[in-house]
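None of the figures in this text is laboratory data; all of them are computed from the coordinates on show. What you see is a predicted model, and the numbers here were worked out from it, not measured in a lab. All Cβ positions, glycine included, derive from the backbone under ideal geometry; neighbour counts span all protein chains shown.
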């Protein structure tokens with residue numbers, strides 16, 4: 001799980017990182033964190049790469065509520081949780097579909113309970129399905145069941161745990177749709193679900209029981225994406 005902590009107070013971000021490390025050890029969930037002390041720069045640099053954002057409500061320049069509204073316009077899937085001194089700020093969370101809020105001073109037990117709630121939301125999203133328009137009708141496929149997607153001319157072949165489904169489509173559009181679900185291109189022809197990668201040997205990636213070629217111009221990008229996935233980043 002990739003977590004962004006957006007808070008202008010160093011002592012607070014240190015405490016949250018400590019709590020997240022403890023939660024990781026207790027829950028056996030891989031958690032990586034990145035700290036931002038300025039909401040303005042966080043919003044400007046945001047690249048849809050986080051599973052959870054912890055926003056401090058009161059920050060100079062741009063507060064957490066304002067920043068969350070901007071982020072929600074860019075990313076509909078990311079989980080958002082607020083950190084605040086006053087519970088009345090929590091009502092603004094509904095405007096950005098925030099999961100919850102944590103009151104300062106933060107206690108670990110309350111924080112861990114909120115994080116368990118976040119994990120339920122993230123796991124639910126990972127079970128999201130796609131409705132594929134195939135030649136034999138509409139078929140619902142779980143994102144987590146997709147091994148890889150192959151483009152052949154104007155068609156996409158969805159290789160899944162239950163079979164192969166052909167639909168008419170564009171790879172770039174499918175790649176954008178699956179952003180945030182741990183997919184990466186190993187070549188122009190293949191979009192791979194990193195959760196199903198068994199190994200990478202030289203220019204070959206083993207996905208399920210299939211070996212796919214990694215192109216030279218995609219190799220560094222693909223290996224970096226897989227490394228970040230394995231490391232929980």
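Residues of the stretch 126-152 with the amide nitrogen closer than 16 Å to a label point 7 Å from the Cα of residue 215, along Cα-to-Cβ, please. It comes to 149-152, nothing else.
Here the label points at residue 176 and residue 76, each 7 Å from Cα along the C-beta direction, are separated by 1.3 nm in the simple model. By other beta-carbon atoms within 10 Å, ranking 115, 1 with the fewest at the front produces 1, 115. Entry note: the stretch 129-230 has Rg to Rh equal to 0.95, where both radii use alpha-carbon atoms and Rh is the Kirkwood radius. By the beta-carbon count within 10 Å of each Cβ, the least crowded to most crowded order of 9, 45, fewest first, is 45, 9. Antiparallel versus total DSSP beta bridges in the chain: what percent is that, nearest 5? Of the beta bridges lying entirely in the chain, close to 65 percent run antiparallel. Quick one: angle between helix 10-27 and the longest Cα principal axis of the chain, in degrees between 0 and 90, rounded to 10, please. Once rounded, the angle reads 50 degrees. Taking the fewest neighbouring Cβ atoms within 10 Å as the starting point, the ordered list for 27, 79 is 27, 79.
For the stretch 2-126, just say rounded, prolate or oblate: build the C-alpha gyration tensor, square-root its eigenvalues into a ≥ b ≥ c, call rounded for a/c under 1.5, and beyond that prolate if a/b exceeds b/c, oblate if not. The shape class here is rounded. Adding -39500 (n - 2.57) for every DSSP H run of four residues or longer, then dividing by how many residues the chain holds, sets the calculated 222 nm ellipticity at -10000 deg cm²/dmol.
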